[in-house]
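A.B. asks: Got a structure for you, questions after.
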Amino acid sequence: MRRRIFGTSATTVVLGLLIPLAGCGGSGEGAGGSGTLHLVAAEYGDTPATSSKAFWDKVTGDFTAAHPGIKVEVKLLPWADIDREVSRMVKAGKAPDMALMGSYSDFAAQGKLYSAEELLSISAEANFLAPLAEAGSVGNTLYGLPWVASSRLLFYNQALFEKAGIKDAPKTWTDLKSDAKSLKDKGVKFPYALPLGPEEAHAEAMIWELSNGGGYADSAGNYSLASDQNIQTWKWVKSELVAPGLVGPTPPSQLNRADAFAAFLRGEVGMLNGYPSLAHEARAKGIDVRTVAMPVSENLGAGEIPPAVGVADWMMAFKQNGKRAEIGKFLDFVYQDKNLTDFAGRYHLLPSTVSASRTPAGGGLDNNDTQFLTALRGAQLYPVNDPAWVTVSDTIKRNIGRAVEPTGDPKAVLEDIASKANEASKKH
């Protein structure tokens, strides 16, 4: 019997919400002195000026002032390295007290982590947004504490739409195709940017599959990567968007998210899927960017609204050094609304708790962010609560682009991905 990977309303996560700065920051490995906690955290900034170091310096200083017997040292690592480095530390018997990164379930499966119930008050544990808490749970136990999150919406460049004579945002796949053709006819380089390169193809793939009633899981919560709906989705994308040249000059399998976003910021993209920080960057460059829900397939029933894709990053606490009480005090402190909204606001992401997400503008939520928050409340996240997900997501990232290549067979590609995913699941 296959392991159930999704909760009742199927949820999920992305390995890193932002592409970050090379390593910087504080301490070494191990538990250190009895009064010192060690946190290994991903670096969210992409320049020294935007480094997460300023946030952690302030919040750890404030915490120690309130709890003089406990010092917190933070080591920042780039997203490209942190999962591997923390895994190495744990394997070597030198686990940090806490880690903030993109995956947690492998450590939970090994029995290495404290549960939220062991660390937080009942009210603090209940404060996490429901889709995020579900994605952070293995079985019914919360191990991955959601930190910051985001959701994906369709972005379009209003000036390019006006140039192409498009009056309304697309609501269906047919609308999207028609708009892409109009944009192409007006010389737009990427009418619809389709990033299926290995950087983050699993996000774009899930967005498209959900918009046709498919996705990564069936109604029972098991992987359904080669479902009829998913095969139909990629046949449509290949024949109706890619073959007619409506996705731009770069083959989708070679277009990464970062490159698609950069092209959007240059005014070369009519439509693409994005998250809040891209909207802020675009507006800062004077681009009139609009955001709407992903258009849906005409195969969906009337009024059927598929979920958006949600992403989140995770705080976890390791048992190895036996500092449950001290860790609990620090997490209660760092998850205060003022701290969470401060961090989220720095990177135009969304706080993970109900109370912090209600914070008005000035705490990180503006009118643009609230649209993403609304989508997040009903979003589906990747199955990060499955220990095999890291392998499964990598398989999707490196293969889904083949489905839309000129010689690609969507059914064969999806069945190959599903076969490799099943093999990965059997190993865990």
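The values are calculated or read from the model by the stated rules, or taken from the named source; none is laboratory data. It should be emphasised that the depicted structure is a prediction, and the values quoted were computed from it without experimental measurement. Quick reminder, even Gly has a Cβ in these numbers, built from the backbone with ideal geometry, and neighbours come from all protein chains shown. Note: accessible area is taken over every heavy atom of the protein model, side chains too, but ligands, DNA and RNA are not part of it. Shrake-Rupley method; radii C 1.70, N 1.55, O 1.52, S 1.80 Å.
A.B. asks: Grab the Cα-Cα distance for K163 and T370, subtract it from 0.36 nm times how many residues apart they are, and report the gain in nm with one decimal. Write down the numbers at each step before the final one.
C.D. replies: Values: separation 207, 0.36 × 207 = 74.52 nm, distance 2.86 nm.
Result: 71.7 nm gained on full extension.
A.B. asks: Within the chain, what percent of beta bridges assigned by DSSP are antiparallel, to the nearest 5?
C.D. replies: Roughly 65 percent of the DSSP beta bridges within the chain come out antiparallel.
A.B. asks: In the structure shown, do any of K238/K411; K171/K397; K167/K238; K53/K338; K238/K397 have a Cα-Cα gap over 19 Å, and if so which?
C.D. replies: Numbers: K238/K411 12 Å; K171/K397 27 Å; K167/K238 26 Å; K53/K338 17 Å; K238/K397 17 Å.
Beyond 19 Å between Cα atoms: K171/K397; K167/K238.
A.B. asks: Residue by residue through the range 127-142, what is 3J(HN,Hα) from phi via Karplus (6.51 cos²θ - 1.76 cosθ + 1.60, θ = phi - 60°)? Round to whole Hz and write x for glycine and proline.
C.D. replies: Values, residue by residue: 7, 6, 4, 4, x, 6, 5, 5, 5, x, 10, 10, x, 10, 10, 7 Hz.
A.B. asks: Mind checking the angle between helix 410-426 and the chain's longest principal axis? C-alpha axes, 0 to 90 degrees, to the nearest 10.
C.D. replies: 20
A.B. asks: Please compute, over every Cα-Cα pair in the range 195-294, the percentage with a separation greater than 18 angstrom.
C.D. replies: Percentage above 18 Å: 53.
A.B. asks: I've got another one for you. Between the helical axis of 367-377 and the dominant principal axis of the chain, each derived from Cα atoms, what acute angle in degrees is found, rounded to the nearest 10?
C.D. replies: Taking the Cα atoms of the chain, the angle to 367-377 is about 80 degrees.
A.B. asks: Using amide H atoms built in the peptide plane, which far-off residues or other-chain residues are under 5 Å from L37 H to H?
C.D. replies: Sorted by chain and number, the residues that satisfy this are K71, V72, E73.
A.B. asks: Okay, next question. If you roll a 1.4 angstrom probe over the protein chains with everything in place, what fraction of the accessible area of the chain belongs to carbon and sulfur, to the nearest %?
C.D. replies: Details: 8520 of 16810 Å².
Exposed carbon and sulfur together represent 51 percent of the surface.
A.B. asks: Suppose all protein chains stay in the model; what accessible area per residue would a 1.4 Å probe give for the chain, in Å²?
C.D. replies: Here the residues of the chain average 39 Å² of exposed surface.
A.B. asks: Right, something else. Looking at the square roots a ≥ b ≥ c of the eigenvalues of the Cα gyration tensor of the range 263-414, which shape do they give, rounded for a/c under 1.5, prolate if a/b is larger than b/c, or oblate?
C.D. replies: oblate
A.B. asks: Against the longest alpha carbon principal axis of the chain, how many degrees, from 0 to 90 and to the nearest 10, is the axis of helix 324-334 turned?
C.D. replies: 50
A.B. asks: At E199 and D394, where each label point lies 7 Å from the Cα along Cα→Cβ, what is the point-to-point distance in nanometres?
C.D. replies: My value for the distance between the label points is 2.0 nm.
A.B. asks: Could you name the aspartates and glutamates whose alpha carbon sits less than 18 Å from that of K329, not counting residues in the same chain fewer than 8 places away?
C.D. replies: Output for K329: D57, D62, E73, D97, E117, E118, E125, D337.
A.B. asks: If packing is taken as the average count of other Cβ atoms within 10 Å, what order do 239-245, 249-255 fall into, highest mean first?
C.D. replies: Packing order, densest peptide first, comes out as 249-255, 239-245.
A.B. asks: Hey, another quick one. Given H placed 1.01 Å from N in the peptide plane, which residues other than close sequence neighbours of A217 have an amide H under 5 Å from its amide H?
C.D. replies: Under 5 Å from the amide H of A217: S224.
A.B. asks: May I pose another question? For the range 62-210, what relative contact order do you get, as a whole percent, if you take Cα pairs closer than 8 Å and at least 6 residues apart?
C.D. replies: For the range 62-210, the relative contact order is 11 percent.
A.B. asks: Send over the per residue convex hull volume for the chain, Cα only, as a whole number of Å³. Before the final figure, lay out each step's value.
C.D. replies: Working: hull volume 56.9 nm³, N = 428.
Dividing the Cα hull volume of the chain by its residue count gives 133 Å³.
A.B. asks: Rounded if a/c is under 1.5, else prolate if a/b beats b/c, else oblate: with a ≥ b ≥ c from the C-alpha gyration tensor eigenvalues square-rooted, which is the range 140-242?
C.D. replies: Prolate.
A.B. asks: Which loop-located GluC sites (Glu not before Pro) does the range 198-233 contain, where loop means any DSSP state but H, G, I, E or B and the Cβ has at most 12 other Cβ atoms within 10 Å?
C.D. replies: none
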